[in-house]
Amino acid sequence: MGRKIWAWVWLLSVSLSGLNGLAAGLSTEDSPELTLALVDSQGKSVTGATVGTKATEREGRLWWNLGGENTSVVSDDQGRVYLDGDKLFRPNYPDDYKIPIYALDEEKELVGLVEISRADFGRQVRIKMVKPCRVRGQVDSSQLCQLGYEVKSKALWVCNNAPRSSEFFLYQYSRHRYDRGSFEFLVPPGSYKIRAGASSNISGVYTEETERVIDIEPGKHELDLGVIDLVATKLAKLIGKPAPELEGIREWKNGGPVKLAQLRGKVVLLHFWVYFCDRVYPQMHKLIDLYEEVRKQQLAVEIILVHDGRFDTIAEMEAAFNADARLVKVRDEEWGGKNLPFLIALDSKEPARYLGGTTYLRGISWSNYDVNSYPTTMLIDRKGILVREFDFYDTPSALRELEPYLAMGIGDTIRGLGEFGVELSRDDAQDKMMLVCFWDMNQRASRNRIIQLAKQAKQLKQKGVAVVIVQASKVDEKNLNEWVKKNNIPFPVGMVQDDSEKIRFTWGVKSLPWLILTNRRHIVAAQGFSLSELNGKIEEVEDAEQ
């Protein structure tokens, strides 16, 4: 719904339409067959024209669609096209639902457009093919560029300027394909609605959709729309900045109330959700699986469900869920009969935003995060910065997506060393820079690094640097102590006791040996540098603290 229209290829739309044909002939039987007769302005049959319900410009060519299938038909030697109406109109379509039929003969430079409905079953529909108007332009967003984003995908669709008209032409651009940076489409005289949008390489960074009407008068054969410059969404302007605090929350379940400020040091997933989401978009079981794995691995991740404010209480929301047999079945079969284990927050009733039809979204927090579709998950890093929208397919992919935000990095407070069996006294650590070296005694490069560090021990102490070395995997403690004693290593030595992969991940260790340097407030200032760079890194820390 809503902005999810940009989701996987991030399409956008531009609507177009003009009716230049007439439904002619009498219905002789209740048949789903449709006959199209293509004729030019002289009444002569047009043979060899391509016919479909939508043409998409992608990779420098037109891709045709007919009734949801990636195909088209060509008018025969009498200018006729025969269609199966049952394949065009789904059973749930209302009787007055109309589908565009777009016909194009690029070689003869002829184009035609009609809309058909079930009332045309068994009839012959005449499509008048005329010289087209060539409409050109570009889709771009100077605002996204000013915010530092690259425009990755653009889209424009065209439909008839009438209520409930479907697009018959779509322009797609992706910088990963051989797409043209500008669009061009051919239409007969008429009134059309065009719609455009764009997205960046960051999930959640979109533009607002823009819509305009163009009128093509008879005899007009060229129209240059110039650059359609799209405005960035509110969410696009929020990403990369401190996440808005949760506001207007009327009730909590499974804990709370909490403020995002209290969760600094944790990665937060805000899942904006409505109770009936799993009726059409089953995803909650994935979030439950992720929650259980996060708890199992004791990862610093908090998941919060924020329901919009359509209910007065959470109990009322749960009653609505339990009264829906399809949702109860989803819980029993997809969720394994489990209840929601996360923190649940019920947003305010206002403001209420109308999305069309019977759809309203309610809540201050929903509004603050510019949520226009559901479910939508926002990723907030351990410093409280809104990173992007968060999409995942399963728990392993979600954990891979979270890895960069869970690992300790520059600007983070260094983790405690007690998990390695190292306890520094107040005098050892207070007002001192810290240098932590992860190494492996079974690796020659690591052993050499520790011996070289030991030779600089006196110099490092004079500069106010406390050094700790950590054996990055569990080894025989007796052998480790013997090696340390034999090589006169003067530093406290710790050892990873549990899952070495998990420890290296949370400490941000990408290879061995690995150096981490903090300032005197024990904030990580540098990591992953060589020993030859150590003195320079220490000088940078000292300069920054002066």
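The values are calculated or read from the model by the stated rules, or taken from the named source; none is laboratory data. Worth saying up front: this structure is predicted, and the values here are computed from it rather than measured. Glycine gets a Cβ as well: all are built from the backbone with ideal geometry, and neighbour counts include every protein chain shown.
All of (1) assigned to a strand (DSSP E or B); (2) polar (S, T, N, Q); (3) more than 27 Å from Leu110 (Cβ to Cβ) hold for Gln138 with one exception: (3).
Considering only the stretch 292-311, I want to know if a residue exists there that is among the small types (Gly, Ala, Ser) and under 26 Å from the mean Cα position of the chain (by Cα).
So in the stretch 292-311, the residues among the small types (Gly, Ala, Ser) come out as 300, 309.
Now restrict to residues that are under 26 Å from the mean Cα position of the chain (by Cα): 300, 309.
Taking every residue of the stretch 292-311 in turn, at least one turns out to be among the small types (Gly, Ala, Ser) and under 26 Å from the mean Cα position of the chain (by Cα).
In the stretch 46-72, what residues are farther than 26 Å from Arg180 by Cβ, without any contact (Cβ under 8 Å) to a residue 40 or more places away in the chain and touching a Leu at 6+ places or on another chain (Cβ under 7 Å)? Residue satisfying the conditions is Gly67 alone.
Once the stretch 406-463 is narrowed to residues that are without any contact (Cβ under 8 Å) to a residue 12 or more places away in the chain and among the small types (Gly, Ala, Ser), the residue that is nearest to Ile303 (Cα to Cα) is Gly416.
Exactly one residue out of Glu251, Glu222 is touching a residue at least 40 places away in the same chain (Cβ under 8 Å) and not assigned by TED's automatic domain parsing to the domain that holds Leu147: that is Glu251.
Could you list all residues from the stretch 234-264 that are small (Gly, Ala, Ser) and closer than 28 Å to Tyr206 by Cβ? Across the stretch 234-264, the qualifying residues are Ala236, Gly240, Ala243, Gly248, Ala261.
Just one residue in the set Gln471, Gln462 is of a type outside the set (Asp, Glu), assigned by TED's automatic domain parsing to the domain that holds Ala429 and buried (at least 20 other Cβ atoms within 10 Å of the Cβ); that residue is Gln471. Residues of the stretch 122-133 include none that is without any contact (Cβ under 8 Å) to a residue 40 or more places away in the chain and farther than 16 Å from Phe183 by Cβ.
Suppose the filter is more than 28 Å from Tyr206 (Cα to Cα) and of a type outside the set (D, E, K, R); does Thr313 pass it? Explain how you work it out, then say what you get.
Numbers: more than 28 Å from Tyr206 (Cα to Cα): yes; of a type outside the set (D, E, K, R): yes.
Yes; evaluated as a whole, the condition is true for this residue.
Give the residue that is farthest from Ala236 (Cα to Cα), with candidates limited to residues of the stretch 152-181 that are hydrophobic (A, V, I, L, M, F, W, C) and touching a Lys or Arg at 6+ places or on another chain (Cβ under 8 Å).
Here is the first cut: in the stretch 152-181, the residues hydrophobic (A, V, I, L, M, F, W, C) are 155-159, 162, 168-170.
Going one step further and asking which of them are touching a Lys or Arg at 6+ places or on another chain (Cβ under 8 Å), we end up with 156-159, 168-170.
Numbers: Leu156: 20, Trp157: 22, Val158: 25, Cys159: 28, Phe168: 29, Phe169: 28, Leu170: 24 Å.
Selected residue: Phe168.
Condition check: part of a loop (DSSP other than H, G, I, E, B) and either touching a residue at least 12 places away in the same chain (Cβ under 8 Å) or closer than 27 Å to Arg164 by Cα (or both). Does Gly43 satisfy that? Answer is no for this residue.
Please go through the stretch 80-105 and pick out each residue that is part of a strand (DSSP E or B) and of a type in the set (Lys, Arg).
Keep residues of the stretch 80-105 that are part of a strand (DSSP E or B), which gives 80-84, 99-105.
If the condition is that a residue be part of a strand (DSSP E or B) and of a type in the set (Lys, Arg), then Arg80 is the only one that fits.
Is one or more of the residues making up the stretch 246-262 modelled with pLDDT of 95 or more and in a helix (DSSP H, G or I)? Yes - at least one qualifying residue is present in the stretch 246-262.
With respect to Arg449, is the statement that it is among the charged types (D, E, K, R) and surrounded by fewer than 14 Cβ atoms within 10 Å (Cβ to Cβ) true?
Values: among the charged types (D, E, K, R): yes; surrounded by fewer than 14 Cβ atoms within 10 Å (Cβ to Cβ): no.
Judged against the criteria, Arg449 is not a match.
From the list Ser75, Ser141, the one residue that fits, being under 32 Å from the mean Cα position of the chain (by Cα) and in contact (Cβ under 8 Å) with a residue 24 or more places away in the chain, is Ser141.
Taking the stretch 508-546, which residues are crowded, with 18+ Cβ neighbours inside 10 Å and modelled with pLDDT under 90? Once the filter is applied, which keeps residues that are crowded, with 18+ Cβ neighbours inside 10 Å and modelled with pLDDT under 90, the stretch 508-546 yields only Gly508. For the stretch 47-65, a tally of residues being buried (at least 20 other Cβ atoms within 10 Å of the Cβ) and either assigned to a loop (DSSP other than H, G, I, E, B) or among the aliphatic types (A, V, I, L, M) (or both) returns 4. Within the stretch 34-46, the set of residues being surrounded by fewer than 17 Cβ atoms within 10 Å (Cβ to Cβ) and either out of contact with any strand residue (DSSP E or B) (no Cβ under 8 Å at 6 or more places or on another chain) or more than 16 Å from Val130 (Cα to Cα) (or both) comprises Thr35, Gln42, Gly43, Lys44.
Taking the numbered list (1) assigned to a loop (DSSP other than H, G, I, E, B); (2) in the same structural domain as Gly197 (by TED's automatic domain parsing); (3) among the basic types (Lys, Arg) in turn, Lys108 passes all entries but (2). Return yes when Val496 is over 17 Å from Leu424 (Cα atoms) and of a type in the set (Val, Ile, Thr) and no when it is not. Judged against the criteria, Val496 is not a match.
Do we have Thr50 as closer than 28 Å to Lys154 by Cβ, modelled with pLDDT of 50 or more, assigned by TED's automatic domain parsing to the domain that holds Arg123 and not small (Gly, Ala, Ser) here? Taking the combined requirement at face value, the residue satisfies it. All of (1) surrounded by 19 or more Cβ atoms within 10 Å (Cβ to Cβ); (2) of a type in the set (Ser, Thr, Tyr); (3) at pLDDT 85 or above hold for Thr71 with one exception: (1).
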